[in-house]
Amino acid sequence: MIAILKYNAGNIQSVQNALTRLGYESVVTDDKKELMTAEKVIIPGVGHALGAMKYLAERELDKLILSLRQPVLGICLGLHLMCHYSDEGSVKCLGIFDAAVKKFPPFDKVPHMGWNNFSALKGSLFRGVSAAEDVYYVHSYYSEITDYTLAICDYVLPFSAAMHRDNYYAVQFHPEKSADTGSAILRNFLEL
Amino acid sequence: MLKKRIIPCLDIKEGRTVKGVNFVDIRDAGDPVGLARKYVEQRADELVFLDITATIEKRKTFIELVGRIAAEINLPFTVGGGISTIDDAALLISAGADKVSINTSAFQNPDLITGIAKRFGSQCVTVAIDTRFNGMDWMVYINAGNTPTSLSAVEWAKRAERQGAGEILLTSMNADGTKSGFSIDVTKEVSKSVSIPVIASGGAGTMEHFREVFTKTTCSAALAASIFHYGEIPVPGLKEYLSGKGINVRR
């Protein structure tokens, strides 16, 4: 069973729909036991970092996420929450990735909304995916590039499109909304 | 490189697409999900579904349809039509819509933009602006283009951005339905005046019209309906053409 973390973020249903299309059973839950015993956990979301961290802390889900040993995938806001700090509400985040989340400087349209490709790709998440393929982004905040970065996207400046450390994976784009390329990336995660 | 988006728009009445659809290999041309699936195959970048159902009772049909689209389609999509409260927006978003498009209700109550943005994020809120040139300026029209207002499209777009809009869908009433090209001047002005993405709409008749709007303005996307539905301009052909002209599109 794949657990999708239930918290105060949007787009959760879209992630579950994508898993169903790929033939995976999933449950949207904030139940600690269900999360601990799930084969894999997905932290989806569009939302606000401060509000989301507050919500997780109140329910001690922040500690729980850090204790997980199965593969975990953060999507969009999920990636931000896995970094150590976000400018969105000036909030300390989970600190899985030693990266800060910042707002795009106003040199181009913000949010970064639409299809964009990669300038570097590595790791099993991207097996069978080429850097020329596009995925769908919608975000106003981005994560710096670190040693954990698996893929780089360039918009206004280069930022982390994907990161990986131990059992934790995170993507800035929305694989659940990124047509066939997104499905391939999700499938790669599900088959880890 | 961020790609320029090509967005087919489907008008929905009582759960069915209206205006003819001319894809030969769609068994049921009135079924929005079938048509949407076709556009996914054609690599359209996003879809817009506008509910033009007149009665409130029929809204349920649209919400059910949004659920079916979200279950089957792995592309971002926007829904609009008849959204006048945060709860209206919430119903559609929880059914699976990525964004909601609001027009008259946003103009009459700009706090609606802020309310939806606060609850679901700015990226969920597209403010649709219908504009007509009055000989002096491009003015905003509301109530499906029937009621003139005293605000210009540029002023209203800036205000909508301040209120929390994540995107502007700008339709030129002068150009809409003419197939004589997008209204370049107002698209350029509005795109320049706001820092959020602008979707150009109204007037697309040829592939060259898309090239023109993408090269002469900083709009992020272009929307059209019948030329795509009737297959006059197939999405893959349009993208090949634009790419050949040096415009970055998703292939």
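The values are calculated or read from the model by the stated rules, or taken from the named source; none is laboratory data. Bear in mind the structure is a predicted one, so any value in this text is a computation, not a measurement. Glycine gets a Cβ as well: all are built from the backbone with ideal geometry, and neighbour counts include every protein chain shown.
General remarks:
- Members of the range B:196-251 that are in contact (Cβ under 8 Å) with a residue 40 or more places away in the chain, more than 23 Å from A:Ser178 (Cα to Cα) and not hydrophobic (A, V, I, L, M, F, W, C): B:Ser201, B:Ser226, B:Tyr230, B:Gly231
- Here the range A:60-81 is the region considered, the condition is being without any contact (Cβ under 8 Å) to a residue 40 or more places away in the chain and surrounded by fewer than 15 Cβ atoms within 10 Å (Cβ to Cβ), and the residue that is farthest from the chain's Cα centre (by Cα) is A:Glu60.
- B:Asn74 satisfies every condition listed in (1) surrounded by fewer than 24 Cβ atoms within 10 Å (Cβ to Cβ); (2) touching a strand residue (DSSP E or B) at 6+ places or on another chain (Cβ under 8 Å) except (2).
- Verdict on A:Val101 being more than 12 Å from chain B (Cβ to nearest Cβ), assigned to a strand (DSSP E or B), closer than 29 Å to A:Glu60 by Cα and among the hydrophobic types (A, V, I, L, M, F, W, C): yes
- Test: B:Ile142 is away from chain A (no Cβ under 14 Å) and touching a residue at least 60 places away in the same chain (Cβ under 8 Å): no
- Only residues that are closer than 24 Å to A:Leu81 by Cβ and either within 12 Å of chain B (Cβ to nearest Cβ) or surrounded by fewer than 14 Cβ atoms within 10 Å (Cβ to Cβ) (or both) were counted in the range A:124-150, giving 9.
- Listed by position, the strands (runs of 3 or more DSSP E) enclosed by the range B:1-119 that each have at least 1 residues that are aromatic (Phe, Trp, Tyr), under 26 Å from B:Ala165 (Cα atoms) and at pLDDT 95 or above are B:47-51, B:77-80.
- Selection from the range A:124-145 of residues that are over 30 Å from A:Leu50 (Cβ atoms) and either touching a residue at least 40 places away in the same chain (Cβ under 8 Å) or acidic (Asp, Glu) (or both): A:Ser124, A:Phe126, A:Arg127, A:Gly128, A:Val129, A:Glu133, A:Asp134
- The residues listed here are B:Arg119, B:Arg68, B:Arg59; of these, the one that is more than 29 Å from B:Arg16 (Cα to Cα) and basic (Lys, Arg) is B:Arg119.
- The range A:151-185: number of residues that are among the hydroxyl-bearing types (Ser, Thr, Tyr), in a strand (DSSP E or B) and within 13 Å of another protein chain (Cβ to nearest Cβ): 1
- Listed by first and then second residue, the pairs with beta-carbon distance under 9 Å, at least 6 apart or on different chains, first residue in the range A:34-54 and polar (S, T, N, Q), second surrounded by fewer than 22 Cβ atoms within 10 Å (Cβ to Cβ), are A:Thr37/A:Met1; A:Thr37/A:Gln70.
- Among the residues making up the range B:63-97, a single one is touching a helix residue (DSSP H, G or I) at 6+ places or on another chain (Cβ under 8 Å), among the hydroxyl-bearing types (Ser, Thr, Tyr) and within 13 Å of chain A (Cβ to nearest Cβ): B:Ser94.
- Candidates B:Ala222, B:Ala160, B:Ala204: the one that is part of a helix (DSSP H, G or I) and surrounded by 16 or more Cβ atoms within 10 Å (Cβ to Cβ) is B:Ala160.
- Filtered residues of the range A:1-51 (kept if assigned to a helix (DSSP H, G or I) and in contact with a Ser or Thr (Cβ under 9 Å, 6 or more places away or on another chain)): A:Gln13, A:Val15, A:Gln16, A:Ala18, A:Leu19, A:Thr20, A:Arg21, A:Leu35, A:Met36, A:Ala49, A:Leu50
- Picking from residues in the range A:83-93 that are farther than 17 Å from A:Asn8 by Cβ and in contact (Cβ under 8 Å) with a residue 24 or more places away in the chain, the one that is nearest to the chain's Cα centre (by Cα) is A:Cys83.
- Test: residue in the range B:157-165 that is among the basic types (Lys, Arg), farther than 23 Å from B:Ser84 by Cα and out of contact with any Phe, Trp or Tyr (no Cβ under 8 Å at 6 or more places or on another chain): no
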